Amino acid sequence: MRGNRPRGRRDGAGGARTVGEVAALSGISVRTLHHYDEIGLLHPSDRSSAGYRRYTEVDLDRLARILAYRELGFTLEQIRDLLDDPTVEPVEHLRRQHALMSAQLARMQRIVLALTKAMEAREMGIKLDPHEMVGVFGEHDPTEHAAEAEARWGETDAYRESTRRTSSFTKAGWLRIKEEAAGIDAAYVDALRSGEPADGRVGRAAAEARRRHIDTWFYPCGRQVHCGLAEMYLADPRFTARYERLAPGLAQYVHDAILANAATA
């Protein structure tokens, strides 16, 4: 039993059970039950006609609370003090244990999420712990589409090369990459808002800067490959949304600038 009330057949007067029966039902040893008795944590309050000590339903209720507190990390002495406090009603123990268990569950869920992010980052070659990832990427999760990316491009030379390169990046390296990318995005936005045509000198320069950025840090990115990325920016709503968040119409602008840059190279 792990925080649940023991259940089973009722033998003897009032459903009282022997220490062996309680051990079998609860999943703890006879020796442990004897120890609880010795330290005053749980006394069997009934006796058989032959003089054997037996546990009543009240005793089993107390045992359930003991095991619940034990799962929460309380010491046996702390549990005894809690249960022997005459000012605390039994239902209050349930409320307290529910609150504590809920908080513990929330902590474990956060740990599981952090471990998941760490595993995904490692698989992508991002050697950062979850705290470093937040420091570099903020709300953007670089591992969000990791499984999809591997499924779509895992067998390509570009994917393998990107994984190889990024596996050696440090936090400082990722921060530099992020800063460079943000500067290119800003150049795109400034060009769009100032009325520069996508196929003009400024637009093409931003496109070429982005291509060189990818080629330098991730994988060989020739102009034909870059044009393929431009098409994806419009075909995949997630990429479109990324640019549209920066400025309305930017996804189409970036697409056109990339194609113009390739055509004039």
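The values are calculated or read from the model by the stated rules, or taken from the named source; none is laboratory data. Note that the structure is a prediction, hence the values are computed from the model and not measured. Ideal geometry is used to build each Cβ from the backbone, glycine not excepted, and the neighbour counts take in all protein chains shown.
Among the residues making up the stretch 232-255, those that are buried (at least 18 other Cβ atoms within 10 Å of the Cβ) and under 21 Å from Val202 (Cβ atoms) are Tyr233, Tyr243, Leu250, Ala251, Tyr253, Val254, His255.
Screening Arg31, Arg70, Arg65, Arg54 for residues that are in a strand (DSSP E or B) and charged (D, E, K, R) leaves exactly one candidate, Arg54. In this structure, Arg204 does not satisfy being surrounded by 20 or more Cβ atoms within 10 Å (Cβ to Cβ), within 32 Å of the chain's Cα centre (by Cα) and closer than 15 Å to Tyr253 by Cβ. For the stretch 73-90, the set of residues classified as not charged (D, E, K, R) and not in a helix (DSSP H, G or I) consists of Gly73, Phe74, Thr75, Pro86, Thr87, Val88, listed by residue number. On the stretch given as the stretch 35-67, residues that are modelled with pLDDT of 90 or more, small (Gly, Ala, Ser) and farther than 29 Å from Met101 by Cβ total 0.
Only one entry of Asp215, Asp236, Asp199 meets the criterion of being farther than 22 Å from Ile177 by Cβ and acidic (Asp, Glu), and that entry is Asp199.
Kindly indicate whether Ala186 is buried (at least 16 other Cβ atoms within 10 Å of the Cβ), in the same structural domain as Asp157 (by TED's automatic domain parsing) and modelled with pLDDT of 90 or more. It is false that Ala186 is buried (at least 16 other Cβ atoms within 10 Å of the Cβ), in the same structural domain as Asp157 (by TED's automatic domain parsing) and modelled with pLDDT of 90 or more. Can you confirm whether the stretch 13-34 contains a residue that is under 44 Å from the mean Cα position of the chain (by Cα), modelled with pLDDT under 90 and of a type in the set (Ser, Thr, Tyr)? Within the stretch 13-34 (the criterion being under 44 Å from the mean Cα position of the chain (by Cα), modelled with pLDDT under 90 and of a type in the set (Ser, Thr, Tyr)), the answer is yes, since at least one residue qualifies.
Cβ-Cβ below 7 Å, separation at least six or inter-chain, first residue in the stretch 32-55 and closer than 11 Å to Thr18 by Cβ, second among the aliphatic types (A, V, I, L, M) and at pLDDT below 90: which pairs? Note: pairs meeting the criteria are Asp46/Ala16; Arg54/Ala16; Tyr55/Ala16.
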